[in-house]
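Please treat every number below as a calculation from the coordinates, not as lab data. The shown structure was predicted, so the numbers you read here are calculated from the model rather than taken from an experiment. Neighbour counts are summed over all protein chains in view; Cβ atoms, including those assigned to glycine, are modelled from backbone coordinates with ideal geometry.
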């Protein structure tokens, strides 16, 4: 019988020590590069980190958080673009529904829009009261939690998560739709453009809401001023009222009856223009002091501007006899008729594209805050309550970006595929928020509370009826997806909360644990040879405990003529004499891991009162391509032992530079 030492297995490949690399191919610990030395693969993480830092900015101190807070004007660009830019698809959604009844039905767009604006007024007044009563943010989730109980608050939260995700996808898809209407050659690149815009918005929000809001101020100003100017020109002196419009008309040739169901369906479609009204109440903590006053001013600015735009576009749609067309949005047709397809049309189109795409910022301001509140209530993983270097809830931002990207890819950036799913979630939130406020005013009964309660009761009734209309009118067209998604999120909340309750009980959180006690430490070092790496590992092991043993595996391989039964490493160890014994773990099988784990089990059985530490030395290669020249025993050992709760497994990475200088 002949025994082959571990250091000789595989024609010498095992002679190279354990190796560790980070996910990008670099070592976990490494010294700073010299200025004069050539660039190596080890410098890559620093280069990537430098580029990333240039994109997102330097880390902020907590006392610098105020610079990321916003003013009412910045609130329009940070939290209101979703609602403001809904004029790009709200009127169009109404006309598409009415078009199924023929040309004569299109004139109903104006009375339906008036009804939507009345509902907008109710919502703005209601959410100003939400801001007053719950300045800590959270919107309908906070109101429902305080007044309607946990079930209602989870329904509100799930509805808002669905709505926020849809808002990002719809906003970006609508922006790209406006761009491809003005430049049809870009239509084939819809999905890549959507994803590129999503990436830009995500990075801007990682930098901080304040910086994003200030970056969006100029396009927001151009959008508002430009569209109001288009409406004014179209109302008083249109420049191309009778100019031919590109695209084929998509209107039923028959003469249908404009019944109540069709009107309700068109109303449900047009109410997508009201999404985003709640975002300001959700993000009150994001404003500068006095937060409540500034947030209410922003809500008023939003309501006034959005109402004027919706009514103006509806009047122009009737005046210009606008019809749904292939390759052309309704907004593009109104602009073309009002100012002509000249430089003004293209300037406003580009600003609309930019602001529609940036309207996703509303969700990036709202969902991370909501997710942090849910995490604080043990309804989502606690990592959602952690702030990043820029003091934003970065995990919520990345999660929202991932969900929106998946949705955009699934529908290929088509706005009309998303509209049937839209507004249902937010209107459920509207209803719960206003119903909760009725209970709040009844409980607190401040001065003139009955007037506030009556306003919220009317609003709750209106939005509740609207929610039912949405579900009935849009269910077959895709709203069933929202009906399924909301319970899934509620189920997720319950699963996460149950887990945290279980863990809290097992950890006895809230109770004083026993007094900590120390145990003698026994350290096991797997080695393959005698080297500087082994010496460093032994030194570290001796600093952890006085009982240290090194182990190496030798195999029973009678066919290997180079085998000496492990005597070579034994002789070298005795000659080195590091005051730490070496154990040869003999095995008849090719497994390296099992002999080590068996030895660990033996030590554990013999030393019940000891703390066992397995210290695995690993080498960090200078370059990624050298990784294949080292064995991966440390990975195998770590994988086999990391689930053990009766010992400590530590991997000690050491760079070749450190070893060379030791």
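Figures for the structure shown
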{"read-out": "Ordering of 459-467, 584-592, 168-176 by packing [mean C-beta count within 10 Å, highest first]", "value": "168-176, 459-467, 584-592"}
{"read-out": "Footprinting exposure proxy for 412, 379 (fewest neighbouring C-beta atoms within 10 Å first)", "value": "412, 379"}
{"read-out": "Stokes-Einstein D in µm²/s, Kirkwood radius over Cα pairs - region 495-615 at 25 °C with 0.890 mPa s viscosity", "value": "142 µm²/s"}
{"read-out": "Cα gyration tensor shape of region 318-359, rounded if a/c is under 1.5, else prolate or oblate by comparing a/b with b/c", "value": "oblate"}
{"read-out": "Within region 358-389, backbone nitrogen closer than 20 Å to the virtual label 7 Å beyond the Cα of residue 507 toward Cβ", "value": "372-388"}
{"read-out": "Degrees between helix 291-319 axis and first principal axis of the chain (Cα, 0 to 90, nearest 10)", "value": "50 degrees"}
{"read-out": "Shape call, region 77-207: gyration tensor on alpha carbons, a/c limit 1.5", "value": "oblate"}
{"read-out": "Approximate spin-label separation residue 114-residue 468, in nm, with each point projected 7 Å along Cα-to-Cβ", "value": "2.5 nm"}
{"read-out": "Spatial separation of Cα centroids for region 408-467 and region 321-397, in angstrom", "value": "20 Å"}
{"read-out": "Whole-number percent relative contact order across region 84-502, with pairs defined as alpha carbons under 8 Å at least 6 apart", "value": "33 percent"}
{"read-out": "Area projected by the alpha carbon convex hull of region 242-384, averaged over all directions, nm²", "value": "12.9 nm²"}
{"read-out": "Spacing of the two label points (7 Å from each Cα toward its C-beta) at residue 235 and residue 447, in nm", "value": "3.7 nm"}
{"read-out": "Residue 602-residue 261 FRET efficiency (beta carbon distance; Förster radius 60 Å; 0.05 resolution)", "value": "0.15"}
{"read-out": "On Cα atoms only, tilt of 424-444 relative to the major axis of the chain in degrees", "value": "80 degrees"}
{"read-out": "Helix axis angle, 109-133 relative to the chain longest principal axis, alpha carbon, degrees", "value": "50 degrees"}
{"read-out": "Globularity index of region 84-502, i.e. its alpha-carbon radius of gyration over 2.2 N^0.38 Å", "value": "0.95"}
{"read-out": "Estimated [θ] at 222 nm from DSSP helical runs (n ≥ 4, -39500 (n - 2.57)) normalised by residues in the chain, nearest 500", "value": "-19000 deg cm²/dmol"}
{"read-out": "Gyration tensor verdict on region 385-447 (Cα atoms; rounded if a/c is under 1.5, prolate if a/b is larger than b/c, oblate otherwise)", "value": "oblate"}
{"read-out": "Spin-label pair residue 632/residue 481, simplified geometry with 7 Å Cα→Cβ offset, distance in nm", "value": "3.9 nm"}
{"read-out": "Modelled FRET efficiency - R0 25 Å, residue 610 with residue 644, Cβ distances, 0.05 increments", "value": "0.95"}
{"read-out": "Region 256-317-region 151-209 distance, computed between alpha-carbon centres (Å)", "value": "18 Å"}
{"read-out": "Residue order, fewest to most beta carbons within 10 Å, for 194, 271", "value": "194, 271"}
{"read-out": "Likely footprinting exposure, 190, 597, 362, 85, fewest C-beta neighbours within 10 Å first", "value": "597, 190, 362, 85"}
